[in-house]
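Below you'll find the structure, written out as structure tokens, and then a few comments.
The values are calculated or read from the model by the stated rules, or taken from the named source; none is laboratory data. All values reported here derive from a predicted model rather than from experimental measurement. Methodologically, a virtual Cβ is constructed for each residue, glycine included, from the backbone with ideal geometry; neighbour enumeration extends over all protein chains shown.
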Amino acid sequence: MSNAHHVISMPVWGERYLDMFLNVSLPSQLSPGNLPAFAHPRSCTYRLYTFRDDGVLLDAAPAVRHLRRHATVEIIVLPESFRVHVISDKFGGMEFAHRHSLLWVMESPDRVLIPMLSDLVFSDGALYAVDKVIGEGAQAAVMTTPRGVLEAVGPLLTGLLQNGVLTVSPRTLYGMIFANQLPSFGATIWGSVPSNPWPNHLQWEVEDEGSFHHTYHPYPIMLRAHAGSPDVEGTMDGNWVYRLVDDPSRLHIFDNSDEMCVIELSPRDYLADDLIDEPATVISAASYFFKYRPSPLQMEVFRRPLRYYTRDPGSAWQSRMAESRRVVESVISVVDILMAKEREMKASGDPVSLYAFRKPSPRPASLRLRINAC
């Protein structure tokens, strides 16, 4: 058990997300191997970011009363002026909440941030694994979150609830996702048609034994920061880890679902209209990666296969991983060529950009209010 003060940030508002949080996500966090294994109100602050009406429901919910046995719960009420913006830009609202907590973490060296989402489901022991790497001195920990169909997996999980607690093993949890992948997540399987138009995640299935993944944007499940840390912007799975981690040896990558399994649930049609009727290619994947101008550390994270098991792996894993290595190394080689060409053009004073990528839209002004607006 670590000596850190855990700061958990959880943005949650709206009927669907409240229902998911109170009936699936939070009960999974309350399983014996998660918060009860290490958390105490003196050493864990759980910050719920929401609007006033939803905050009343959260405060009275049995699951939140249970949570108070293990954490000091703070309900942070967002200004009503935010509501119209987070409806149209939910990522902006989540960014605000996690950054607000990150700034609070920076005020004390013993605090660590565990940013969460209301549609995440944790296998038993997953959060204890996070606390373990905190105790080992990790500066950050990352993972990926396979996505499943809410309408199919949600009832399977609620059927496992006992006294408001959801206890599920890693292989059982991933097995539910493996059989019920969200179509837009299944579109990240290499060679699949339709495919994802932003190939930020590549996966290979291995018979019925599971799958492994290579990702550009791993989910940061734990972050340390201090008063002198660089500022961060954008969504937390963008550049937060790569700006805050100054010692690559202190970045822990959860690459085995038997150690840590976290999944995400979304409605079946989530992003389905964005899929394209052609497979991803090395060039399309490299072009997407290049627009982020990846650091050497980001390249190394992308190289690492993140394994998810439904049962013990067999001999087929070796050949599938060899196939994925060829693809991944080809993608990285193309990115290296593009970055070298860009450096050459800049050195020659060529004002023409190598590629013209669309820049992210600026966040609405109300989401850039001073942090103390809350």
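Kindly check whether there is at least one residue in the range 292-300 that is surrounded by 20 or more Cβ atoms within 10 Å (Cβ to Cβ), touching a Pro at 6+ places or on another chain (Cβ under 6 Å), in a helix (DSSP H, G or I) and not basic (Lys, Arg). First the steps, then the outcome.
Taking the range 292-300 and keeping what is surrounded by 20 or more Cβ atoms within 10 Å (Cβ to Cβ), we get 294.
Restricting the remaining residues to those that are touching a Pro at 6+ places or on another chain (Cβ under 6 Å) gives none.
No: the range 292-300 contains no residue that is surrounded by 20 or more Cβ atoms within 10 Å (Cβ to Cβ), touching a Pro at 6+ places or on another chain (Cβ under 6 Å), in a helix (DSSP H, G or I) and not basic (Lys, Arg).
The set of residues in the range 134-163 being surrounded by fewer than 14 Cβ atoms within 10 Å (Cβ to Cβ), in contact (Cβ under 8 Å) with a residue 60 or more places away in the chain and in a helix (DSSP H, G or I) consists of GLY135, GLU151, THR158. When restricted to residues that are within 25 Å of the chain's Cα centre (by Cα), among the charged types (D, E, K, R) and closer than 28 Å to LEU173 by Cα, the range 27-65 contains 1.
Which of the residues that make up the range 20-55 are touching a Phe, Trp or Tyr at 6+ places or on another chain (Cβ under 7 Å), in a loop (DSSP other than H, G, I, E, B) and among the polar types (S, T, N, Q)?
Keep residues of the range 20-55 that are touching a Phe, Trp or Tyr at 6+ places or on another chain (Cβ under 7 Å), which gives 28-29, 33-34, 37-38, 50-51, 54.
Filter again for in a loop (DSSP other than H, G, I, E, B), leaving 33-34, 38, 51.
Within the range 20-55, just ASN34 meets the criteria.
Candidates PHE96, PHE122: the one that is modelled with pLDDT under 95 and either farther than 16 Å from VAL7 by Cα or among the aromatic types (Phe, Trp, Tyr) (or both) is PHE96. Go through the residues of the range 164-181 one by one and say whether even a single one is over 14 Å from ASN34 (Cβ atoms), basic (Lys, Arg) and touching a helix residue (DSSP H, G or I) at 6+ places or on another chain (Cβ under 9 Å). Looking for residues that are over 14 Å from ASN34 (Cβ atoms), basic (Lys, Arg) and touching a helix residue (DSSP H, G or I) at 6+ places or on another chain (Cβ under 9 Å), one finds none in the range 164-181, hence no.
Scanning the range 1-19 for residues that are assigned to a loop (DSSP other than H, G, I, E, B) and surrounded by 13 or more Cβ atoms within 10 Å (Cβ to Cβ) yields MET1, SER2, ALA4, VAL12, TRP13, GLY14.
Checking each residue in the range 270-291 for being closer than 18 Å to VAL331 by Cβ and either within 21 Å of the chain's Cα centre (by Cα) or part of a helix (DSSP H, G or I) (or both) picks out VAL282, ILE283, SER284, ALA285, ALA286, SER287, TYR288, PHE289, PHE290, LYS291. Taken over the range 230-253, the residue count meeting the criterion of being under 18 Å from GLN298 (Cβ atoms), in a loop (DSSP other than H, G, I, E, B) and over 12 Å from the mean Cα position of the chain (by Cα) is 8.
Collect the residues in the range 254-269 that are in a strand (DSSP E or B) and more than 21 Å from GLU300 (Cβ to Cβ), keeping them in residue-number order. Within the range 254-269, VAL262, ILE263, GLU264, LEU265, SER266 meet the criteria.
Can you find even one residue in the range 315-328 that is touching a helix residue (DSSP H, G or I) at 6+ places or on another chain (Cβ under 8 Å), in contact (Cβ under 8 Å) with a residue 40 or more places away in the chain, among the hydrophobic types (A, V, I, L, M, F, W, C) and surrounded by 15 or more Cβ atoms within 10 Å (Cβ to Cβ)?
Filtering the range 315-328 for residues touching a helix residue (DSSP H, G or I) at 6+ places or on another chain (Cβ under 8 Å) gives 327-328.
Now drop any that are not in contact (Cβ under 8 Å) with a residue 40 or more places away in the chain, which leaves 327-328.
Those still in the list that are among the hydrophobic types (A, V, I, L, M, F, W, C) too: 327-328.
Narrowing further to those that are surrounded by 15 or more Cβ atoms within 10 Å (Cβ to Cβ): 327-328.
Checked against the condition, which is being touching a helix residue (DSSP H, G or I) at 6+ places or on another chain (Cβ under 8 Å), in contact (Cβ under 8 Å) with a residue 40 or more places away in the chain, among the hydrophobic types (A, V, I, L, M, F, W, C) and surrounded by 15 or more Cβ atoms within 10 Å (Cβ to Cβ), the range 315-328 yields at least one hit.
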